[in-house]
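Below: the structure, in structure tokens.
The values are calculated or read from the model by the stated rules, or taken from the named source; none is laboratory data. Nothing here was measured: the structure is a model prediction, and the numbers come from that model. Ideal geometry is used to build each Cβ from the backbone, glycine not excepted, and the neighbour counts take in all protein chains shown. Just so you know, the surface numbers come from the protein's heavy atoms only, side chains and all, with ligands and any DNA or RNA stripped out. Shrake-Rupley method; radii C 1.70, N 1.55, O 1.52, S 1.80 Å.
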Amino acid sequence: MNQLPGLLDTEAIRKDFPILDRTVHDGQKVVYLDNAATSQKPRQVLDALNAYYERHNANVHRGVHVLAEEATALYEGARDKVAAFVNAPSRDEVVFTKNASESLNLVANMLGFADEPYRVDRDTEIVITEMEHHSNIVPWQLLAQRTGAKLKWFGLTDDGRLDLSDLDEVITEKTKVVSFVLVSNILGTHNPVEAIVRRAQEVGALVVVDASQAAPHMPLDVQALQADFVAFTGHKMAGPTGIGVLWGRKGLLDDLPPFLGGGEMIETVSMHSSTYAPAPHKFEAGTPPIAQAVGLGAAVDYLAGIGMAQIEAHEHAITGYALGRLQEVPDLKIIGPTTAEERGAAISFTLGDIHPHDVGQVLDEQGIAVRVGHHCARPVCLRYGIPATTRASFYLYSTPGEVDALVDGLEYVRNFFG
Amino acid sequence: MYQDVILDHYKHPHGRGLRAGDAEVHHVNPTCGDEITLRVKLAGQTVEDVSYEGQGCSISQASASVLNELLVGKELPEAQRIQEQFLELMQSRGRIERDEDLAAMEEVLEDAVAFAGVSKYPARVKCALLSWMAWKDATAQALKEAAA
């Protein structure tokens, strides 16, 4: 097996992930290449979840008993860990949600209900891009339909990057909010943040960054990004499902109205009106996903322990190797950037006329797990005139050997349907 | 799941291409983007032709080919019985696996019995049913037209 520069000690790392030892279909070792959909969870995270339920379970922010205090400390401790992980200036800027979709919907609804100067209405415009996940398209479509605002977007170049040639025409004085993905879940493209942020700031528009495919894979610094909101989800970064994050600038979180009302988010309530708790609690109505937040805290500890720069270097090496090997497969066409520069570790491709569902099924028979379909980014498939793609996506435990298994598997698929 | 019969129909589809019909429908399978445009031509109570054009996985395309082979030329009640039996097979979650049960089904379903294995894969059942649901829909429309 080749030694690529920058690789992590995957032999040691893989011991932390019990599921990677699993076999499927009568004894084939699972080759898990569906990390952009969800990552696997290390023992450290599973232990944190168990320990929370076995030793500390209680509801948070209420009750004066020991368990309630421990649960609250663990939940709020997870907020501290996440805040440090993304270099947030304040822990109060970290709002826990259910997932990235909820985070993005939360921003869209805040802006729909906001007063000036944030209000999105019929005289204003919302800007997104053609490579967004549906979770960063549909909330803005809903907001546009409800407010009469106009929805605009950046198109894509033939090689899978954002077409910013019309930057000044798309983002205008009317633009209230620009929301875009940092790393595409289908193309793998790492987008140029600076150019978009600079133009948005020129016209006074808020910037929302969907970092769902970035937070798990590279150092994420919300201050360096200069965005106003950053959304991501726990389950793609070694954490449990059911926990997401919305980071927002403190001033904005203070000014903007709540979306969901309920317990935990209030200051005082009478039958006529209520006042709200300060952020982040203002945006966390009801009992939050406590165990999941604790699990995310453990995941963040785990990733930080290995080092996000090291994880990024590992994935860069694996991605470069995979792009090279995949392009050796006859009839295989990469949908997205074909080199590892400015690119994440999700690689979409088509294989001749063989439908991705057939590719995925026959790979599965060999124990190789990939994702097939439109990856919740159907406009990208429409843009490139394809019904769907097969996507292989890597993480810190992925190995060159798994890339080789994929390439061998694809050769088998070609012969099977040839 | 990929029986030779299925692969044969996928590689050499029967009756593919759109021809004259009494009703046309377009069905899609949103989970994987399979699409089919299907026309039904009736002659009284006989299925005179089922023509189709589509794109999608081998299961969805082979299933349309098998449908064409099975239903064209059949009397409508018989065609509907076959459709219902195929639906039952696809919803069986792989539970119909005894040889004698499959043999009984093969009496009615012929080549379509090869799809029994697909019924074990919930994600793929819709692929197999796409053309059959389109046929049912188009036939209902054609009958409505005829009655009007």
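Expected output is a single nm value to one decimal: the length gained when fully extending between A:GLU76 and A:GLU169, i.e. 0.36 nm times separation in residues minus the C-alpha distance. What is it?
Length gained, A:GLU76 through A:GLU169: 29.2 nm.
Of all beta bridges DSSP finds with both residues in region A:196-332, what is the antiparallel percent, to the nearest 5?
Of the beta bridges lying entirely in region A:196-332, close to 75 percent run antiparallel.
What's the buried accessible area, both sides, between A and B using a 1.4 Å probe, rounded to 100 Å²?
So the total buried area for this chain pair works out to about 1200 Å².
Find which of A:ALA285, A:PRO379, A:THR389 sits farthest along the positive direction of the dipole of region A:263-418, computed with +1 on the beta-carbon of Lys and Arg, -1 on that of Asp and Glu, about the Cα centre.
A:PRO379
Looking at the protein assembly as shown, send over the antiparallel percent of its DSSP beta bridges, to the nearest 5.
Roughly 70 percent of the beta bridges in the protein assembly as shown run antiparallel, per DSSP.
What is region A:194-254's relative contact order, in percent, from Cα pairs under 8 angstrom and six or more apart in sequence?
Computed over region A:194-254, the figure is 28 percent.
Could you give the accessible area per residue of region B:7-148, probe 1.4 Å, as a whole number in Å²?
Per-residue value: 46 Å².
Leaving ligands, DNA and RNA out of it, report the carbon-plus-sulfur percent of the accessible area of region A:300-389 at a 1.4 Å probe.
It is 50 percent, rounded to a whole number.
Once phi is turned into θ = phi - 60°, what whole-Hz ³J(HN,Hα) does the Karplus curve with 6.51, -1.76 and 1.60 give for every residue of region A:54-61, x standing for Gly and Pro?
My calculation for region A:54-61 gives 7, 10, 10, 4, 6, 7, 9, 6 Hz in order.
Name the residues of region A:344-385 whose accessible area, probed at 1.4 Å, falls by at least 50 Å² once all protein chains are in place instead of their chain on its own?
A:HIS355, A:HIS357, A:ASP358, A:GLN361
Test of understanding: in a Gaussian network model of chain A with alpha carbons linked when under 10 Å, which of A:ASP408, A:ASP26, A:ASP255 would top the mean-square fluctuation ranking?
Most flexible of the set in this elastic network: A:ASP26.
Around A:VAL95, which amide H atoms from residues at least 5 apart in sequence, or from another chain, sit under 5 Å from its own amide H, with H modelled in the peptide plane?
A:LEU246, A:TRP247, A:GLY248
Where in chain A lies the longest segment free of GluC sites (Glu not before Pro) that are both loop residues by DSSP (not H, G, I, E, B) and have at most 15 other Cβ atoms within 10 Å?
Longest site-free region, per DSSP loop and neighbour criteria: A:1-172.
Among the residues of region B:12-47, which ones have their accessible area go down by 40 Å² or more when all the protein chains sit together, as opposed to their chain alone (1.4 Å probe)?
Residues shielded by partner chains are B:CYS32.
List for region A:399-418: residues with 40 Å² or greater reduction in accessible area, all protein chains versus chain alone, probe 1.4 Å?
Those residues are A:PHE416, A:PHE417.
Can you give the extra length, in nm with one decimal, that the chain gains between A:GLU411 and A:VAL203 once fully stretched, where that is 0.36 nm per residue apart less the Cα-Cα distance?
Details: separation 208, 0.36 × 208 = 74.88 nm, distance 5.13 nm.
Here the answer is 69.8 nm.
Calculated FRET efficiency, B:ASP8 and B:GLU48, Cβ-Cβ r, R0 25 Å, to nearest 0.05?
Computed FRET efficiency for B:ASP8 and B:GLU48: 0.50.
With every protein chain left in place, what is the accessible area of B:GLU48 in Å² (1.4 Å probe, nearest 10)?
Approximately 100 Å² for this residue.
B:GLY15's amide H: which non-local residues (gap 5+, or another chain) put their own amide H closer than 5 Å, with H modeled 1.01 Å from N in plane and none for Pro or chain starts?
Amide H to amide H, under 5 Å and 5 or more residues apart or across chains, B:GLY15 pairs with nothing.
Apply the Karplus curve 6.51 cos²θ - 1.76 cosθ + 1.60, θ = phi - 60°, to the phi angles in region A:318-330 and return the couplings in whole Hz, x for Gly and Pro.
Karplus-based 3J(HN,Hα) across region A:318-330 equals 5, 5, x, 5, 5, 4, x, 5, 4, 6, 7, 7, x Hz.
What's the tally of Lys pairs in region A:116-266 whose alpha-carbon atoms lie under 18 angstrom apart, where the two lysines are 8 or more places apart or on different chains?
4
Give me the percent relative contact order of chain A, please, defined on Cα pairs under 8 angstrom at least 6 residues apart.
About 23 percent, as a whole number.
Between A:LEU156 and residues 5 or more places away or on another chain, which pairs have amide H atoms under 5 Å apart, with H built 1.01 Å from N, and which residues are they?
A:ASP163
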